[in-house]
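See below for the structure under consideration.
The values are calculated or read from the model by the stated rules, or taken from the named source; none is laboratory data. Being a predicted model, the structure only gives us computed values, none of them experimental. We place every Cβ from the backbone using ideal geometry, glycine too, and count neighbours over all the protein chains shown. To get the accessible areas, we keep the full protein, side chains included, count just its heavy atoms, and leave off ligands, DNA and RNA. Shrake-Rupley method; radii C 1.70, N 1.55, O 1.52, S 1.80 Å.
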Amino acid sequence: MKKVGVIDYGTGNLCSVVKAFEFIGANVSLIRTPNESSNIDALVFPGQGTFDQCMASLVKTGLDTFIQRWIEDGKPYFGICLGLQVLFAQSEEGNRRGLGILEGRVKRFSMNSECKIPHMGWNSVNWNDNLMDGLMTGIEKGDKFYFVHSYHVSDVKSTLSILSTSYEYEFISGVKFENSIATQFHPEKSQEKGLKLYRNFLEKMI
(Lines give C-alpha, C1' and ligand atoms only; values in the text may rest on other atoms or scores of the structure.)
Protein backbone atom coordinates (compact mmCIF):
# COMPACT_ATOMS: atom_id res chain seq x y z
CA MET A 1 0.00 0.00 0.00
CA LYS A 2 1.37 3.41 -1.00
CA LYS A 3 1.97 5.80 1.90
CA VAL A 4 0.91 9.38 1.23
CA GLY A 5 1.78 12.31 3.48
CA VAL A 6 -0.64 15.25 3.29
CA ILE A 7 0.75 18.63 4.35
CA ASP A 8 -1.31 20.20 7.15
CA TYR A 9 -0.32 23.86 7.52
CA GLY A 10 -3.37 24.92 9.52
CA THR A 11 -5.88 25.42 6.72
CA GLY A 12 -6.85 23.67 3.51
CA ASN A 13 -9.29 21.10 2.25
CA LEU A 14 -7.64 18.25 4.12
CA CYS A 15 -10.66 16.04 4.69
CA SER A 16 -11.65 15.74 1.03
CA VAL A 17 -8.08 15.11 -0.10
CA VAL A 18 -7.45 12.51 2.60
CA LYS A 19 -10.70 10.70 1.82
CA ALA A 20 -9.95 10.71 -1.92
CA PHE A 21 -6.54 9.07 -1.48
CA GLU A 22 -7.90 6.60 1.06
CA PHE A 23 -10.69 5.70 -1.37
CA ILE A 24 -8.16 4.71 -4.04
CA GLY A 25 -6.22 2.57 -1.57
CA ALA A 26 -3.48 4.79 -0.14
CA ASN A 27 -2.37 4.88 3.49
CA VAL A 28 -2.63 8.57 4.42
CA SER A 29 -1.01 10.50 7.27
CA LEU A 30 -0.95 14.22 8.06
CA ILE A 31 2.38 16.05 8.01
CA ARG A 32 2.57 19.06 10.34
CA THR A 33 6.36 19.08 10.83
CA PRO A 34 9.27 17.53 8.92
CA ASN A 35 9.68 15.00 11.78
CA GLU A 36 6.34 13.42 10.85
CA SER A 37 7.41 12.58 7.32
CA SER A 38 9.26 9.30 7.83
CA ASN A 39 8.34 6.32 5.67
CA ILE A 40 6.03 8.19 3.27
CA ASP A 41 6.21 7.49 -0.47
CA ALA A 42 4.65 10.71 -1.74
CA LEU A 43 3.90 14.22 -0.52
CA VAL A 44 0.58 15.95 -1.24
CA PHE A 45 0.01 19.67 -0.67
CA PRO A 46 -3.72 20.57 -0.53
CA GLY A 47 -3.88 24.32 -0.84
CA GLN A 48 -6.56 26.67 0.38
CA GLY A 49 -6.14 30.04 2.06
CA THR A 50 -3.90 32.98 1.20
CA PHE A 51 -0.37 32.94 -0.15
CA ASP A 52 1.21 34.87 2.74
CA GLN A 53 -0.68 32.92 5.42
CA CYS A 54 0.43 29.66 3.88
CA MET A 55 4.09 30.63 3.54
CA ALA A 56 4.20 32.02 7.09
CA SER A 57 2.99 28.68 8.41
CA LEU A 58 5.45 26.69 6.28
CA VAL A 59 8.39 28.81 7.42
CA LYS A 60 7.34 28.61 11.09
CA THR A 61 7.25 24.81 11.04
CA GLY A 62 10.25 24.28 8.76
CA LEU A 63 8.06 22.67 6.13
CA ASP A 64 9.24 25.18 3.53
CA THR A 65 12.76 23.76 3.50
CA PHE A 66 11.43 20.21 3.80
CA ILE A 67 9.23 20.60 0.69
CA GLN A 68 12.06 22.21 -1.27
CA ARG A 69 14.43 19.34 -0.48
CA TRP A 70 11.73 16.71 -1.12
CA ILE A 71 11.13 18.01 -4.63
CA GLU A 72 14.82 18.64 -5.35
CA ASP A 73 15.51 15.01 -4.44
CA GLY A 74 13.05 13.90 -7.10
CA LYS A 75 10.49 12.44 -4.70
CA PRO A 76 6.80 12.35 -5.75
CA TYR A 77 4.88 15.56 -5.05
CA PHE A 78 1.30 16.55 -5.86
CA GLY A 79 0.35 20.19 -5.28
CA ILE A 80 -3.28 21.33 -5.39
CA CYS A 81 -4.37 24.94 -5.99
CA LEU A 82 -2.19 26.94 -3.56
CA GLY A 83 0.07 23.88 -3.54
CA LEU A 84 0.86 24.85 -7.14
CA GLN A 85 1.24 28.58 -6.54
CA VAL A 86 3.71 28.35 -3.64
CA LEU A 87 6.17 26.53 -5.91
CA PHE A 88 6.94 29.94 -7.41
CA ALA A 89 8.87 32.80 -5.83
CA GLN A 90 6.16 35.43 -5.69
CA SER A 91 2.44 36.09 -5.97
CA GLU A 92 0.40 39.24 -6.48
CA GLU A 93 -1.73 37.97 -3.60
CA GLY A 94 0.94 38.71 -1.00
CA ASN A 95 4.38 39.99 -0.13
CA ARG A 96 6.08 36.89 1.24
CA ARG A 97 8.49 34.89 -0.86
CA GLY A 98 7.27 31.53 -2.09
CA LEU A 99 9.33 28.35 -2.29
CA GLY A 100 11.01 29.49 -5.52
CA ILE A 101 11.33 25.97 -6.90
CA LEU A 102 9.99 27.00 -10.32
CA GLU A 103 10.52 30.13 -12.39
CA GLY A 104 7.41 32.19 -13.08
CA ARG A 105 4.90 34.24 -11.16
CA VAL A 106 1.39 34.13 -9.81
CA LYS A 107 -1.00 36.90 -10.82
CA ARG A 108 -4.64 37.81 -10.32
CA PHE A 109 -7.11 37.24 -13.14
CA SER A 110 -7.56 40.35 -15.26
CA MET A 111 -11.02 40.34 -16.82
CA ASN A 112 -12.53 42.61 -19.49
CA SER A 113 -15.73 40.62 -19.88
CA GLU A 114 -18.53 39.25 -17.73
CA CYS A 115 -16.30 36.43 -16.44
CA LYS A 116 -16.40 36.64 -12.67
CA ILE A 117 -13.58 36.43 -10.14
CA PRO A 118 -13.05 33.99 -8.55
CA HIS A 119 -13.08 31.48 -11.36
CA MET A 120 -15.35 28.88 -9.78
CA GLY A 121 -16.88 25.70 -11.15
CA TRP A 122 -16.18 23.11 -13.84
CA ASN A 123 -13.87 23.88 -16.74
CA SER A 124 -11.98 21.97 -19.41
CA VAL A 125 -8.31 21.02 -19.12
CA ASN A 126 -6.00 20.44 -22.08
CA TRP A 127 -2.34 19.61 -22.68
CA ASN A 128 0.01 19.33 -25.65
CA ASP A 129 3.07 17.66 -24.16
CA ASN A 130 3.48 13.92 -24.71
CA LEU A 131 5.17 13.73 -21.31
CA MET A 132 1.72 14.21 -19.77
CA ASP A 133 0.21 11.18 -21.52
CA GLY A 134 1.09 8.51 -18.96
CA LEU A 135 -0.17 10.64 -16.10
CA MET A 136 -3.36 11.43 -18.00
CA THR A 137 -4.20 7.83 -18.88
CA GLY A 138 -7.98 7.46 -18.87
CA ILE A 139 -8.48 11.22 -19.06
CA GLU A 140 -9.36 12.89 -22.36
CA LYS A 141 -8.27 16.33 -23.48
CA GLY A 142 -11.12 18.68 -22.74
CA ASP A 143 -12.37 16.74 -19.72
CA LYS A 144 -13.65 19.04 -17.00
CA PHE A 145 -12.28 19.51 -13.49
CA TYR A 146 -13.41 21.70 -10.60
CA PHE A 147 -11.79 25.11 -10.00
CA VAL A 148 -12.07 27.80 -7.36
CA HIS A 149 -9.38 30.51 -7.49
CA SER A 150 -8.68 34.18 -8.18
CA TYR A 151 -4.98 33.84 -9.03
CA HIS A 152 -3.14 31.75 -11.60
CA VAL A 153 0.40 30.90 -12.66
CA SER A 154 1.99 32.88 -15.49
CA ASP A 155 5.29 33.20 -17.39
CA VAL A 156 6.66 29.73 -16.58
CA LYS A 157 9.70 28.19 -18.24
CA SER A 158 8.98 26.58 -21.60
CA THR A 159 10.64 23.35 -20.46
CA LEU A 160 7.74 22.53 -18.12
CA SER A 161 4.94 20.20 -19.19
CA ILE A 162 1.82 22.33 -18.94
CA LEU A 163 -1.91 21.87 -18.49
CA SER A 164 -4.04 24.73 -19.77
CA THR A 165 -7.57 26.05 -19.36
CA SER A 166 -9.50 28.94 -20.89
CA TYR A 167 -11.39 31.51 -18.80
CA GLU A 168 -11.69 34.57 -21.04
CA TYR A 169 -8.05 33.88 -21.86
CA GLU A 170 -5.92 30.76 -21.65
CA PHE A 171 -4.08 30.25 -18.37
CA ILE A 172 -1.83 27.57 -16.91
CA SER A 173 -3.95 25.14 -14.89
CA GLY A 174 -1.17 22.70 -14.00
CA VAL A 175 2.49 21.82 -14.42
CA LYS A 176 4.47 18.60 -14.43
CA PHE A 177 8.23 18.45 -13.91
CA GLU A 178 10.56 15.65 -12.91
CA ASN A 179 8.58 13.58 -10.37
CA SER A 180 6.12 16.31 -9.42
CA ILE A 181 2.74 17.51 -10.61
CA ALA A 182 0.70 20.46 -9.39
CA THR A 183 -2.76 21.54 -10.52
CA GLN A 184 -4.78 24.70 -10.11
CA PHE A 185 -7.97 22.64 -10.08
CA HIS A 186 -9.09 20.34 -7.28
CA PRO A 187 -9.02 16.65 -8.28
CA GLU A 188 -10.68 15.68 -4.98
CA LYS A 189 -13.72 17.74 -6.02
CA SER A 190 -13.67 16.52 -9.63
CA GLN A 191 -15.40 13.18 -9.17
CA GLU A 192 -14.31 10.26 -11.40
CA LYS A 193 -11.69 12.13 -13.44
CA GLY A 194 -10.09 13.60 -10.35
CA LEU A 195 -9.81 10.22 -8.69
CA LYS A 196 -8.33 8.84 -11.91
CA LEU A 197 -5.63 11.52 -11.85
CA TYR A 198 -4.79 10.63 -8.24
CA ARG A 199 -4.64 6.93 -9.17
CA ASN A 200 -2.31 7.68 -12.07
CA PHE A 201 -0.09 9.70 -9.74
CA LEU A 202 0.22 6.76 -7.33
CA GLU A 203 0.78 4.23 -10.11
CA LYS A 204 3.01 6.19 -12.51
CA MET A 205 5.06 8.47 -10.27
CA ILE A 206 5.77 6.43 -7.14
Determine the gain in length on full extension of the stretch T11-E140; use 0.36 nm per residue of separation and subtract their C-alpha separation, reporting nm with one decimal. 43.3 nm
Please give, to one decimal in nm, the separation of the simple spin-label points placed at T159 and T50, each 7 Å out from Cα toward the Cβ. 3.5
Percent antiparallel among DSSP beta bridges (both partners in the chain, rounded to 5): 55
Find the percent of Cα-Cα distances in the chain that exceed 27 Å, and round it to a whole number. 23
A student applying the Cα gyration tensor rule (rounded when a/c is under 1.5; otherwise prolate if a/b is larger than b/c, oblate if not) would label segment 147-206 oblate
For segment 86-125, the percent of accessible surface on carbon and sulfur atoms (probe 1.4 angstrom, ligands and nucleic acids excluded) is 38
Here the Kirkwood hydrodynamic radius of segment 8-79, Cα-based and in Å, equals 12.8
Quote the relative contact order of segment 108-206 in percent (integer), defining contacts as alpha-carbon pairs under 8 Å separated by 6+ residues. 29
Normalising by the residue count of segment 65-123, find the relative contact order in percent from Cα pairs under 8 Å and 6+ residues apart. 23
Average Cα contact separation per residue, segment 146-201, under 8 Å, 6 or more apart, as relative contact order %: 29
In Å², and per residue, what accessible area does the chain have when probed at 1.4 Å with the other protein chains present? 46
